[in-house]
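Q: Okay, here's the structure, questions in a sec.
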Amino acid sequence: MSALLTTTMGYMKVVIDKIKAEGMPVKTMVGGAPISPAFAEKIGADAFAKNATEAVEKAKALLGIESIVNFKL
């Protein structure tokens, strides 16, 4: 999940809590301008990324994969 404004940050915890309450086998990652690693930990997110490039690397780590697609130029 990504937040651009602080007004949406609280809803991230609502979503994460609902995912956990339903027992859904998914990982959660948060990021965006107002989000910090401390906030991500506080709301129970599995990962935090400061930008899209880092999010790809964090997603691969969460999924335990090295690369989704191997392109050769």
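The values are calculated or read from the model by the stated rules, or taken from the named source; none is laboratory data. In this text, all values refer to a predicted model and were calculated from it rather than measured experimentally. Cβ: placed from backbone, ideal geometry, glycine included. Neighbour counts: every protein chain shown.
Q: Going through region 6-38 one residue at a time, which ones are more than 29 Å from E66 (Cβ to Cβ), in contact (Cβ under 8 Å) with a residue 24 or more places away in the chain and not aliphatic (A, V, I, L, M)?
A: Correct list: T6, K13, D17, P34.
Q: Another question about this same structure. Can you run down the residue pairs with Cβ atoms below 6 Å, 6 or more apart or on separate chains, where the first is in region 41-66 and closer than 16 Å to I16 by Cα and at pLDDT 95 or above and the partner is β-branched (V, I, T) and part of a loop (DSSP other than H, G, I, E, B)?
A: Going by the 6 Å Cβ cut-off, the qualifying pairs are A45/T28; D46/T28.
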